[in-house]
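Please read the structure below before turning to the comments.
A short reminder: the numbers here are calculations on the coordinates, not readings from a lab. None of the values given here were measured: they were computed from a predicted structure. When we count neighbours, we look across all protein chains shown, and the Cβ atoms used for this are built from the backbone with ideal geometry, even at glycine.
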Amino acid sequence: MTVDMTTFLAQLGNRSDQATGAVSAPIYLSTTYAHPELGQSTGYDYTRTKNPTRELLESGLATLENGARGIVTSSGMSAIALIFELFPSGSEFLVSRDLYGGSYRFFEELQARQIAYFHYFNTLNELEEQISPTIAAVFLETPTNPLMTEIDVSAVAEIAHQVNALLIVDNTFLTPLRQKPLELGADLVLHSGTKFLTGHNDILAGVIIAKEVSLGERLTYLANTTGPTLSSFDCWLFIRSLKTLPLRFERQEQNAKEIAAFLKHQPAIKDVLYPGVGGMISLRLKEAVKVRSFLKELSIFTFAESLGGVESLITYPTTQTHADIPKEVRESYGLTPDLLRLSIGIENSQDLIADLTQALSHI
Ligand SMILES: *Cc1c(COP(=O)(O)O)cnc(C)c1O
């Protein structure tokens, strides 16, 4: 029976343990598994290779993104690092300009060591100008972080596939509830599982889902080889968190819509960047010098990095998430010092609006 994602997620792990009937899936902490006899295996040998708790989570995430295979790792960054193990040394990549600062830092690191080379694009035109048969893959985020620009995944997939380049999409901001890149032509989708998917600011995790079995198997092989796999306890917490993902995300998005509408009418705010979907909003203050006092005056929004959790956060990309992008580069594409990023939680929206109102009135 095919069911809605909400039903699928609420039931994740139920009926997985026929022997006891456990409704909440067990956590398999054992790192090693006994072999019945020489040449035989239960299917489990060593936890880096395969673990029942992780397997349940990985297959659930693959179903959610409509892919063939899921791989769960210790962080979003280790998921990205694992993906880049797929390519021969010296490969070239085209990357969306506005992206998570940690991804940029990683790409700069690979380039400095001459392991890979990166070219950046802001628009589809710039992508088309730079695409060539030497490009191994296109990597993008949409909506972009923190400028919230939406990129047409289907159009990029078409351009990438003309030269046999893979398309890799970081789907952290929208989750499969709002966007399924593999259905739009992407070959690999990844997440910082730390954000909306787990949603409680208490688990660091990464996810990769491959559209094709072959690429998925290669990534599984590489994960076993290099070992960035997530611990079984965190896999279990991840499964538990996924059960409430639709409830959390719908509430965060509804709150974000109300807050974005409110922010548009505030005289101290120059711009509100909200794509109309999801729980992330960026804004520009009219006066960048007011950033410090605005952050200080807020009492419900917490000044902290990260996003996607049940608690509302406010981030200053210039000194936090995007500090490793050189100032000239950042400012050239609009990541200016007046920009703040809000991650909307599940609190009462009127309380969040009241907090913003009082902080704006004091700056
Ligand atoms: C946080 C984040 C990452 C990195 O994930 P970690 O879990 O922090 O390693 C990658 N991409 C995006 C869009 C993110 O927000």
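Less than 5 angstrom separates the built amide H of Ala137 from those of Leu94, Leu166, all sequence-distant by 5 or more or on a different chain.
If R0 equals 45 Å, the separation of the Cβ atoms of Arg178 and Ser41 corresponds to a calculated FRET efficiency of about 0.65. Ordering Tyr221, Thr134, Trp236 by Cα displacement along the dipole of the chain toward the positive end leaves Trp236 in first place; charges were set at the Cβ atoms of Lys, Arg (+1) and Asp, Glu (-1). Quick one: helix 101-112 against the long Cα principal axis of the chain, what's the angle to the nearest 10°, folded into 0 to 90? The angle comes out near 70 degrees.
I'd like the FRET efficiency for Ser154 and Gln18, computed as 1/(1 + (r/R0)^6) with the beta carbon distance as r and R0 of 56 Å, rounded to 0.05. The value I calculate is 0.85. For Lys180, the aspartates and glutamates whose Cα comes closer than 13 Å to its Cα, not counting residues fewer than 8 places off in the same chain, are Glu65, Glu141, Asp152, Asp170.
Structural descriptor for the chain: relative contact order 18 percent, calculated from alpha carbon pairs under 8 angstrom and at least 6 residues apart. Its relative contact order, with pairs defined as Cα atoms under 8 Å and 6+ residues apart, puts the range 247-362 at 32 percent.
The C-alpha atoms of the chain define a longest principal axis, and helix 153-162 lies at about 60 degrees to it.
Among the trypsin sites (Lys or Arg not before Pro) in the range 46-124, those placed in a DSSP loop whose Cβ has at most 11 other Cβ atoms within 10 Å are Arg113. Are any of the pairs Lys257/Lys286; Lys195/Lys290; Lys290/Lys327 more than 26 Å apart by Cα-Cα distance, and if so, which? Among Lys257/Lys286; Lys195/Lys290; Lys290/Lys327, the Cα-Cα distance tops 26 Å for Lys195/Lys290. Divided by 2.2 N^0.38 Å, where N counts the residues, the Cα radius of gyration of the range 226-330 comes to 1.30.
Available extension along the chain between Asn125 and Arg218 is 30.2 nm, counting 0.36 nm per residue and deducting the alpha carbon span.
Near the amide H of Glu212, within less than 5 Å, lie the amide hydrogens of Ala68, all on another chain or at least 5 residues away, with H placed in the peptide plane. For the residue pair Phe87 and Thr226, what label-to-label distance in nm results when each label sits 7 Å from Cα along the Cα-to-beta-carbon direction? If labels sit at Phe87 and Thr226, their model points lie 1.3 nm apart.
To the nearest ten degrees, helix 213-226 and the longest principal axis of the Cα atoms of the chain are 90 degrees apart.
Here the extension length gained between Gln162 and Gln350 equals 62.8 nm, from 0.36 nm per residue of separation less the Cα-Cα distance. Averaging the sequence gap over all C-alpha pairs within less than 8 Å and six or more residues apart, then dividing by the number of residues, gives the range 84-168 a relative contact order of 33 percent.
Rounded to whole Å, the principal axis extents of the Cα atoms in the chain read 73, 50, 35, largest first.
Given a Förster distance of 25 angstrom, what is the FRET efficiency for His362 paired with Val329, based on the Cβ-Cβ distance and rounded to 0.05? Efficiency for this residue pair is about 0.15.
Near Tyr120, the amide H atoms lying under 5 Å from its own belong to Val95; only residues 5 or more places off or on other chains count, and H is placed 1.01 Å from N. Calculated mean residue ellipticity, 222 nm, the chain: -11000 deg cm²/dmol, from DSSP H runs (n ≥ 4) at -39500 (n - 2.57) each, averaged per residue and rounded to 500.
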